[in-house]
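Worksheet: one structure, shown below.
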Amino acid sequence: MVQYSVDETAVEKQDRKIRLKLRGWALWKSYDVVVMGDGMECGRYASNLPRYDVCYVLDLPIEDNLYGFDLDEEIEGSYDVLEFFIEKDKERIKVGEHVLSEALVKKRAAKEKRRKLKNALSLAWNRYHFLVPPSVVKGWLHREEETASTQAVYHPEVPEEYRTWLSLQPAFSKGGKKFPVVEVEDVIPDVSGIDGEYVILKKAGCTLYEGAETQFMEADLCYSDSDRMDENGLRYEPRLKPDWSYDTLRGFNYIGNVFAVRKDLLKEYAGQKMSLYRLLLELSDRNISVKHVQEILFGDTEPMAGNKDEMERYLSDHGIEAAVEDSDGYTYVKYALKGSPKVSVIVPTKDCVEDLEVCVKGVLEKSSYRNVELVIVDNNSEKEETAAYLSEIQKDERVKVLRLECPFNFSYINNEAVKQAATGEYLVLLNNDTEVMTADWLEQMLSYAQLQDVGSVGIQLWFFDDTIQHAGIIMGKGGVAGHAHYMEQSGGSHYWPDLSIPYDVTACTAACLMISREKFEEVGGLTEAFTVANNDVDLGLKLDAKGYRNVFLPGVVMHHYESKSRGLDLGPEKMKRFMSECRLLKETWPGCTDSDRFYNDGWSKARDYELR
């Protein structure tokens, strides 16, 4: 086999021409470099470059060596794929290729995603014996590939792609009243002498786009989406924001440095030295009406980032005990616990002793919080080893076992556990196929669950291979509700900081979910009509309807091996029930899958946080 190397490849499309730079070497004394465009030869070049470095490293004679090639050529025509070969005496070896077609790039990416999904499911079958009909998986993978390859999405971190997306957006509507604009430095202005009921506060240097002054709505506070503009007037870094998000605002100023506000609200702050971010934090603690315009109305001066010092001052001034930590450049607020209330961890199970043992050890031995009660709900276990293990584990005074002989109904099982066995002020719904990875998981979840306006608290869950299984729920994803960042690699960089800070969501999975007993009972617990699917989504929506916030904590992580006791929910009868429960969710909460208040409509539902 001939040794070769391609050291550099650069391809640039220029109208009906392609600029090609290709540099490398092959251990042939003389040969041609052949360039093929979509299977047709579009360039042939003789090797003509001495490569003394190659001779030195491989201990070859330097005389008469023309092992190298260094092309800088202009190729006529437009091609989807360029392929590069070296050829001598009719022997041809492919040394590389470059794909120019965006559609083909997406198709290949989709094919690679399909391959990875297939491998992951194959591994899951071998390791966990998931009960998934192959025909169902094959059809799902095909649909996944088709969706990924045909849906147009644009990467927000690539300025050129963002500007392409921006050019496809409709112009602003005619709008309403034109609000006066007041530029702010570091002092909140006195706006009492300005006509009208509302003003737009704009930090010096920010750019309001043409017509933006008429797009803000009448509310105590109204904000819009935004981006940034460089010194050449080119726009980049789009910020498609969620609707009003109290906890997200504490992670960073997601609203930005331009917003409209009712003048009366500014009276008590007039003349005070205060950043616009601090003003937003102050307003967030008041009972105000907030509206969000899903239009990019301004270019901000600052990058997306937290402000640790500002947050610490705010918390201190309001007497709120909390630690503020840096998290990927954003601020992660950890509130102090109020006492040490009892937490009841409820774990439904059927056999699968090995998995249950891992879960139990995590709760009892890996967790730093001490005032915990573990309620294991034995639902129709049949194996002797299960009975023996449950008998032994009950010797620990922190453990209770509740036997329920009934058809599996996740909602009913947990509701009965709360009624019959759990005595804690706070409840954790926990799957038996989970494994604790964060020692202070209960403290962190409890610190948010104790907040008066917080309903439920969820965490980040990873599959066995450390890819993400759950990072909050996005309504409408997958047609009903889907997990954010599903099957993405954990620990990677992400455009939007929802994996860096406590983040407001519509709902979190009940595979690991904390809620106070009082709020659980206030909303009637889990709705038992949702026997397996969507009970957690329904719970989140019930809490939201009562005015409570549901918070996702990315700093708390568990492994979740996904329904190992029962298998995946894709058998014919199970699929029929699943679809029935999806319909029930839509009937119970009309319009709930049309959009998600905490996930901007401009983001793709097929590829999280990419522009659609």
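The values are calculated or read from the model by the stated rules, or taken from the named source; none is laboratory data. Computed from a prediction, not measured in an experiment: that's the story for all the values here. Glycine gets a Cβ as well: all are built from the backbone with ideal geometry, and neighbour counts include every protein chain shown.
Inside the range 356-374, residues that are more than 22 Å from residue 339 (Cα to Cα) and in a strand (DSSP E or B) make up a count of 0.
Of all the residues in the range 316-353, those that are assigned to a strand (DSSP E or B), under 26 Å from residue 417 (Cα atoms) and not small (Gly, Ala, Ser) number 6.
Looking at the structure I just gave you, is residue 458 in a strand (DSSP E or B) and in the same structural domain as residue 517 (by TED's automatic domain parsing)? Yes: the conditions hold for residue 458. Among the numbered conditions (1) at pLDDT 95 or above; (2) touching a helix residue (DSSP H, G or I) at 6+ places or on another chain (Cβ under 7 Å), the only one that residue 422 does not meet is (2).
Here residue 382 meets the list (1) of a type outside the set (S, T, N, Q); (2) more than 30 Å from residue 492 (Cα to Cα); (3) modelled with pLDDT of 95 or more almost entirely, failing just condition (3). Taking (1) in contact with a strand residue (DSSP E or B) (Cβ under 8 Å, 6 or more places away or on another chain); (2) over 22 Å from residue 553 (Cα atoms); (3) not in a strand (DSSP E or B) in turn, residue 403 satisfies each apart from (3). Quick one: would you say residue 202 is under 24 Å from residue 307 (Cβ atoms), at pLDDT 95 or above and in a loop (DSSP other than H, G, I, E, B)? Judged against the criteria, residue 202 is not a match. The single condition among (1) farther than 21 Å from residue 540 by Cβ; (2) touching a residue at least 24 places away in the same chain (Cβ under 8 Å) that residue 419 does not satisfy is (2).
Residues in the range 596-606 that are surrounded by fewer than 18 Cβ atoms within 10 Å (Cβ to Cβ) and at pLDDT below 95 were compared, and the one that is nearest to residue 536 (Cα to Cα) is 606. Being touching an Asp or Glu at 6+ places or on another chain (Cβ under 6 Å) and either surrounded by fewer than 16 Cβ atoms within 10 Å (Cβ to Cβ) or not in a strand (DSSP E or B) (or both) is the requirement here; does residue 233 meet it? No. A count restricted to the range 264-310 and to residues that are under 22 Å from residue 599 (Cβ atoms) and surrounded by 17 or more Cβ atoms within 10 Å (Cβ to Cβ) stands at 12.
Residues of the range 475-484 include none that is crowded, with 23+ Cβ neighbours inside 10 Å, part of a loop (DSSP other than H, G, I, E, B), on the phi > 0 side of the Ramachandran plot and in contact (Cβ under 8 Å) with a residue 12 or more places away in the chain. Can you find even one residue in the range 222-229 that is of a type outside the set (Ser, Thr, Tyr), surrounded by 14 or more Cβ atoms within 10 Å (Cβ to Cβ) and in contact with a Pro (Cβ under 6 Å, 6 or more places away or on another chain)? Yes, the range 222-229 contains a residue that is of a type outside the set (Ser, Thr, Tyr), surrounded by 14 or more Cβ atoms within 10 Å (Cβ to Cβ) and in contact with a Pro (Cβ under 6 Å, 6 or more places away or on another chain).
Take the residues of the range 292-315 that are part of a strand (DSSP E or B) and β-branched (Val, Ile, Thr): which is farthest from residue 502 (Cα to Cα)? Within the range 292-315, the match that is farthest from residue 502 (Cα to Cα) is 296. Residues that are out of contact with any Lys or Arg (no Cβ under 9 Å at 6 or more places or on another chain), among the small types (Gly, Ala, Ser) and at pLDDT 85 or above are absent from the range 78-86 altogether. Does the range 400-425 hold any residues that are closer than 24 Å to residue 509 by Cβ and among the hydrophobic types (A, V, I, L, M, F, W, C), and which are they? Within the range 400-425, 402, 404, 406, 408, 410, 413, 417, 418, 421, 422 qualify.
For the range 168-196, enumerate the residues that are small (Gly, Ala, Ser) and either touching a residue at least 60 places away in the same chain (Cβ under 8 Å) or exposed (fewer than 14 other Cβ atoms within 10 Å of the Cβ) (or both). 171, 173, 176, 192, 193, 196 - these are the residues of the range 168-196 that are small (Gly, Ala, Ser) and either touching a residue at least 60 places away in the same chain (Cβ under 8 Å) or exposed (fewer than 14 other Cβ atoms within 10 Å of the Cβ) (or both). Taking the criterion of being crowded, with 20+ Cβ neighbours inside 10 Å and among the hydrophobic types (A, V, I, L, M, F, W, C), would at least one residue in the range 431-441 satisfy it? Yes, the conditions are met somewhere in the range 431-441. Against the conditions (1) small (Gly, Ala, Ser); (2) out of contact with any helix residue (DSSP H, G or I) (no Cβ under 8 Å at 6 or more places or on another chain); (3) under 23 Å from residue 460 (Cβ atoms), residue 388 satisfies every one except (3).
Cβ-Cβ contacts under 9 Å between residues 6 or more apart (or on different chains), taken from a first residue in the range 573-587 that is in contact (Cβ under 8 Å) with a residue 60 or more places away in the chain to a second residue that is assigned to a helix (DSSP H, G or I) and among the aliphatic types (A, V, I, L, M), are listed as 575/136; 585/537; 585/541. For the range 236-246, a tally of residues being assigned to a loop (DSSP other than H, G, I, E, B) and either at positive phi or more than 21 Å from the chain's Cα centre (by Cα) (or both) returns 0. When the range 463-474 is filtered for residues that are crowded, with 21+ Cβ neighbours inside 10 Å and of a type outside the set (S, T, N, Q), the ones remaining, listed by number, are 468, 470, 471, 472, 473, 474. Identify all residues within the range 22-40 that are surrounded by 11 or more Cβ atoms within 10 Å (Cβ to Cβ) and within 17 Å of residue 80 (Cα to Cα); write none if there are none. Residues satisfying the conditions are 34, 35, 36, 37, 38.
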